[in-house]
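Everything on this sheet refers to the single structure shown next.
The values are calculated or read from the model by the stated rules, or taken from the named source; none is laboratory data. Fair warning: this is a prediction, and the values are worked out from it, not measured in the lab. Note that each Cβ is placed from the backbone with ideal geometry, even for glycine, and that neighbours are counted across all protein chains shown.
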Amino acid sequence: MEEGKETKGKLTTEPKIQRTSEEERDRLSELPDFVLLHIMNFIDTKDALRTCILSKRWKDLWKHLTTLSFYQSSSLFNERVVNFNKFVSQVLSCRDGSISLINVRLVIYESIGSQLLNRIMKYAVLHNVQQLTMYIPFYYGKISTYLDPIIFSCQSLTYLSLHNLSSRPPLELPKSLQLPALKSLCLINVLFTATDNVCAEPFTTCNLLNTLVLKYCFLHNDAKILFISNSNLSSLKLMDLKIRDTFQHKVVLSTPNLSSLTVCFFEASSFTIQPLSSTCNLSCLEEGTINIATDISHPVLLGWLQVFTNVKILTLSYGTLKLILKDLSNLATMGSQPPCFVRLESLKVVTNQFRVISDEEVNKAVEYLLQNSPLIRVLLSKKLYRGCLLKYLGKCFYILFNFISFSVSLSS
C-alpha cells in the first residue's frame, strides 16, 4: 500500500520530510548585529521591535536602531491613537540612549499631543539626528503653540522634510532657520514671517543648503517679499506658492550658484504667484522648468522668463505653451518682447498626450519665444500624466478584453 493513498476507507498521510541540519540552520540569526540592524532600519519601528520575541539574541537588538520610523494609520478609533502614543513613549524610554540617531520618520494622520511631539523632537536633537521627515497635521497656526522650535536650531540636521497635512492655517515657522549643517530642505504648507523689514529671509543662515523645495507656502501679513538668499543653493523648486496676487508681493532670488530651477503652478487662486526676480544673473543655471496649469498675467510670465535667460536646457509644459499662445492672440501683448536666452542649447516642449496641440501652434509659440535667441535644438515630447495614463491603460485593457472575447467566440 502506498502512503498518502486512500484504501478501504482509510486515509494515510504522507511521511514527514526529514530536514537536514543544514536546512534547519537559522541563517538570518547568524548574520552580524550590524547587518541585522541595517536591515531593521528600513522597516517600521513597530515591526522592528517585534523581533525581540524571536530569541535571546534578538531581545535587545532593536534598542540599537539608528532609524526610528513611526507610522500612525488613519483611524477613527481614539483607542488606537492612545496605543500609538504609548508605544512611541516606550520606544523613546527603552532605546539605548548612548547611540546617535541617523533618521527619524513621523507619519501621523490623527491628532498627536504637543507634549509627545516635543518629546520626540528633543530626543532627536539630543541624539544628533541627521535626517528628519514629518507628515503631521498641525492644527494650530503658530509653531510656538504646537511644536518646540528646538528642531529648527539643530546643529546635526542635514535633511529636513516637513509636510503640514492640515487644511487649516499653515504652520508659522521661525523667522530664521538656524540649521548650520542642513543640506536639503522640503517645506509644504508653511508660513514665513518678516524679519526687521518687509522681507522674509528664512534661509540666509543655512550656509550648506544645497536643495530647497517649497510647496503651498504663504507669506505672513507683515511680509511682502520672500527673499531666497543662499550662496550655496544649487537646486530650487517653487510649487504653488500662495502669495498675494499683487505686484507689491514678490519672490526674489539671491542664489548665484543655482544650477536647477523649477517653477510649477497648478491651482487657480487669488493667491497665485506674482513677480519672480533675481538679484544676480544665475550664470550657473544648467536646467530650468516652467510648468503652468493656471492663468497668470503676461508681464509676470515675461518676468519669469527673464530669470531663465542664462539657462542651458529649458523645459516648458503644455500649459505654459498654451498660455504663450493665448497671449499671442491678444494684439495688446504682441509688442512684448521675450528675453534673449544667451546660453540656451536645448528647448524641450512637453505636451499632454490627450490634449492635442498642432505643430503649427507649437512652432508659433517657439518662434515667438526664441526670436531674440541663438539657434538651438527644439525637442517635442508627449507625456502621459498619471491620471490620463490610467484612463489610457483602461482603454487598452478594454480593447484587449473585447478582442480576446471575440477570438474565443470565433474559436468556439
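Just to be sure before I move on: is K59 over 24 Å from L162 (Cα atoms), exposed (fewer than 13 other Cβ atoms within 10 Å of the Cβ) and either among the basic types (K, R) or in contact with a Lys or Arg (Cβ under 8 Å, 6 or more places away or on another chain) (or both) in the structure I sent? Outline the logic, then answer.
Values: over 24 Å from L162 (Cα atoms): yes; exposed (fewer than 13 other Cβ atoms within 10 Å of the Cβ): yes; either among the basic types (K, R) or in contact with a Lys or Arg (Cβ under 8 Å, 6 or more places away or on another chain) (or both): yes.
The answer is yes for K59.
Matching residues to (1) at pLDDT 90 or above; (2) touching an Asp or Glu at 6+ places or on another chain (Cβ under 6 Å):
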| position | (1), (2) |
| --- | --- |
| M121 | yes, yes |
| Q131 | yes, no |
| P169 | no, no |
| C186 | yes, no |
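I'm trying to understand the selection: among the residues of the range 185-203, which are within 20 Å of S156 (Cα to Cα) and buried (at least 17 other Cβ atoms within 10 Å of the Cβ)? Can you show your working first?
Let us first name the residues in the range 185-203 that are within 20 Å of S156 (Cα to Cα), namely 185-187, 202-203.
Within the range 185-203, L185, L187, P202, F203 meet the criteria.
Residues are listed down the side, and each one gets a yes or a no for (1) of a type in the set (A, V, I, L, M, F, W, C); (2) under 23 Å from V104 (Cβ atoms); (3) in a loop (DSSP other than H, G, I, E, B):
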{"site": "L157", "(1), (2), (3)": "yes, yes, yes"}
{"site": "K175", "(1), (2), (3)": "no, no, yes"}
{"site": "A181", "(1), (2), (3)": "yes, yes, yes"}
{"site": "L185", "(1), (2), (3)": "yes, yes, no"}
{"site": "T195", "(1), (2), (3)": "no, no, yes"}
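Only residues that are assigned to a loop (DSSP other than H, G, I, E, B) and closer than 22 Å to I112 by Cα: list them for the range 82-100, please.
Narrowing the range 82-100 to residues assigned to a loop (DSSP other than H, G, I, E, B): 95-100.
Selection gives R95 alone.
All but one of (1) exposed (fewer than 14 other Cβ atoms within 10 Å of the Cβ); (2) modelled with pLDDT under 85; (3) closer than 16 Å to D47 by Cα hold for N78, so report the exception by its number.
(3)
Which members of the range 305-327 meet the condition of being buried (at least 16 other Cβ atoms within 10 Å of the Cβ), more than 21 Å from L379 (Cα to Cα) and either of a type in the set (F, W, Y) or modelled with pLDDT under 85 (or both)?
Within the range 305-327, D327 is the sole residue that qualifies.
For the range 211-228: of the residues being crowded, with 17+ Cβ neighbours inside 10 Å and not hydrophobic (A, V, I, L, M, F, W, C), which is modelled with the lowest pLDDT?
Out of the qualifying residues, it is K224.
Could you run through the range 257-282 and say how many residues are modelled with pLDDT of 90 or more and over 19 Å from L212 (Cβ atoms)?
Final tally of qualifying residues: 1.
Residues in the range 336-359 that are at pLDDT below 75 and among the polar types (S, T, N, Q): how many?
Here the count works out to 3.
Take V88 and tell me if it is modelled with pLDDT of 95 or more and not small (G, A, S). Lay out the reasoning, then the answer.
Values: modelled with pLDDT of 95 or more: no; not small (G, A, S): yes.
Judged against the criteria, V88 is not a match.
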